[in-house]
Amino acid sequence: MATGVSRKVKITGSGSTSGGSFDSVHIMGDGQVLGSLDSETVRSMGSLNVSGSVKVGQYRQIGDAKIRGDMQGVQLNVLGQLDIQGSIRGRTVKIRGQIDVQGECEADYFDARGGFHIHGLLSANEVEIRTWGPCRAKEIGGGRINVRKSKWGGLKQWFSATPPMGLTCEMVECENVYLEHTVADVVRGTTVTIGPGCRIGLVEYRKSLKVSKDAKVSQEVKL
């Protein structure tokens, strides 16, 4: 059932609405947006399917969502599974679960505690990753990156058949780098720390480099 008041949309149970501009969109159940969506706030608890792009101020999701186009917002909070056919851009992107982005991800602050697959570039001033699941990106660039393996993720892997909990990417290029359980072809930065469980092909650094005894770096170059 779908009801609408003025520029507000609320779907309870199962329902759909056409795309457009709204003040708020609330989903409680199974909701579909037939077209692109532009709203000050979007809150979804259940399942959301948008056949176009999404532009939003505040986005909060509990459950799963599929966006057929791009996603752009100020505050993007995801608890569950989010699939985006295009790219995602936000001031703050917080993931607690899984996200799959066919394009690129751009943010001021990117915070992921779970797993993700970003097929293009992940670019952010600050990148915080706790690997509860497999994390993949083609490249990562920004000011600071901090990748640590979650202890709970390790327990999850012990009791299940999930792939190794860690980050895999072709290149990491940030000013300040701290990595654990990361496999990368190239890591480049000013201050670089390669922690336990890493397998790195080439590290290029400007000021300092620290490598854990439990990590493997094939080549080190001071710029």
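Brief remarks follow.
- Taking every residue in segment 65-82 that is closer than 18 Å to Gln98 by Cβ and pairing it with any residue that is hydroxyl-bearing (Ser, Thr, Tyr) and in a strand (DSSP E or B), at least 6 positions away or on another chain, the pairs with Cβ-Cβ distances below 7 Å are Ala65/Ser44; Leu76/Tyr59; Leu76/Thr92; Asn77/Tyr59.
- Every pair of residues 6+ apart whose Cβ atoms lie under 9 Å, when the first sits in segment 42-56 and is buried (at least 22 other Cβ atoms within 10 Å of the Cβ) while the second is in a loop (DSSP other than H, G, I, E, B): Val50/Arg68; Val50/Gly69; Val54/Gly69; Val54/Asp70
- All strands (runs of 3 or more DSSP E) inside segment 1-103 with 2 or more residues being at positive phi: 8-50
- Among the residues listed as Gly201, Gly153, the single one being modelled with pLDDT of 95 or more and touching a strand residue (DSSP E or B) at 6+ places or on another chain (Cβ under 8 Å): Gly201
- Only residues that are of a type in the set (Phe, Trp, Tyr) and surrounded by fewer than 24 Cβ atoms within 10 Å (Cβ to Cβ) were counted across segment 93-115, and they come to 1.
- Checked against (1) under 22 Å from the mean Cα position of the chain (by Cα); (2) surrounded by 16 or more Cβ atoms within 10 Å (Cβ to Cβ), Asp185 passes all but condition (2).
- The lone criterion from (1) among the β-branched types (Val, Ile, Thr); (2) over 13 Å from the mean Cα position of the chain (by Cα); (3) closer than 20 Å to Ile140 by Cβ left unmet by Thr41 is number (3).
- Filtered residue count, segment 131-141, keeping only those that are surrounded by fewer than 24 Cβ atoms within 10 Å (Cβ to Cβ) and modelled with pLDDT of 95 or more: 4
- Checked against the criteria, Gly120 counts as in contact (Cβ under 8 Å) with a residue 24 or more places away in the chain, surrounded by fewer than 18 Cβ atoms within 10 Å (Cβ to Cβ) and under 12 Å from the mean Cα position of the chain (by Cα).
- Answer from Val74, Val127 - the residue that is buried (at least 18 other Cβ atoms within 10 Å of the Cβ) and either among the hydrophobic types (A, V, I, L, M, F, W, C) or more than 19 Å from Met165 (Cα to Cα) (or both): Val127
The values are calculated or read from the model by the stated rules, or taken from the named source; none is laboratory data. These numbers were taken from a predicted model, which means no experiment stands behind them. FYI the Cβ positions are ideal-geometry reconstructions off the backbone, even for glycines, and counts take in every protein chain you see.
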